[in-house]
């Protein structure tokens with residue numbers, strides 16, 4: 001079975017800054033694409049002296065899909081940030097896939113409500 005057969009609709013949200021003091025900044029849906037988010041079991045870590053769960057995931061998508069550093073992808077109501085989109089120029093993000101290949105991105109869980 002092809003990996004693309006497992007792709008599902010994923011939404012991209014981006015933070016819209018407020019123009020004035022009466023409206024809060026908020027995330028707005030800017031587009032959608034097809035992909036697969038694989039989430040392993042969460043691991044416990046300490047954040048500011050409190051034990052929290054760290055959830056990391058991997059996104060599989062078409063090699064033509066482009067993300068900005070402000071994008072949050074949402075699948076089944078859970079928000080993720082593409083954690084290596086601007087950081088690893090020599091890593092997966094910096095490579096140009098060959099014909100027929102897919103792209104893989106590391107994701108980190110976004111706390112708080114996006115949608």
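The values are calculated or read from the model by the stated rules, or taken from the named source; none is laboratory data. In this text, all values refer to a predicted model and were calculated from it rather than measured experimentally. Cβ placement follows ideal geometry from the backbone for every residue including glycine, while neighbour counts extend to all protein chains displayed.
Quick look at the values:
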quantity: Residue match in the stretch 62-71 (condition: part of a strand (DSSP E or B) and modelled with pLDDT of 75 or more); calculated: yes
quantity: Residue within the stretch 45-54 that is at pLDDT 75 or above, over 10 Å from the mean Cα position of the chain (by Cα) and assigned to a strand (DSSP E or B) present; calculated: no
quantity: Test: residue in the stretch 81-96 that is at pLDDT 75 or above and either within 17 Å of residue 8 (Cβ to Cβ) or in contact with a strand residue (DSSP E or B) (Cβ under 7 Å, 6 or more places away or on another chain) (or both); calculated: yes
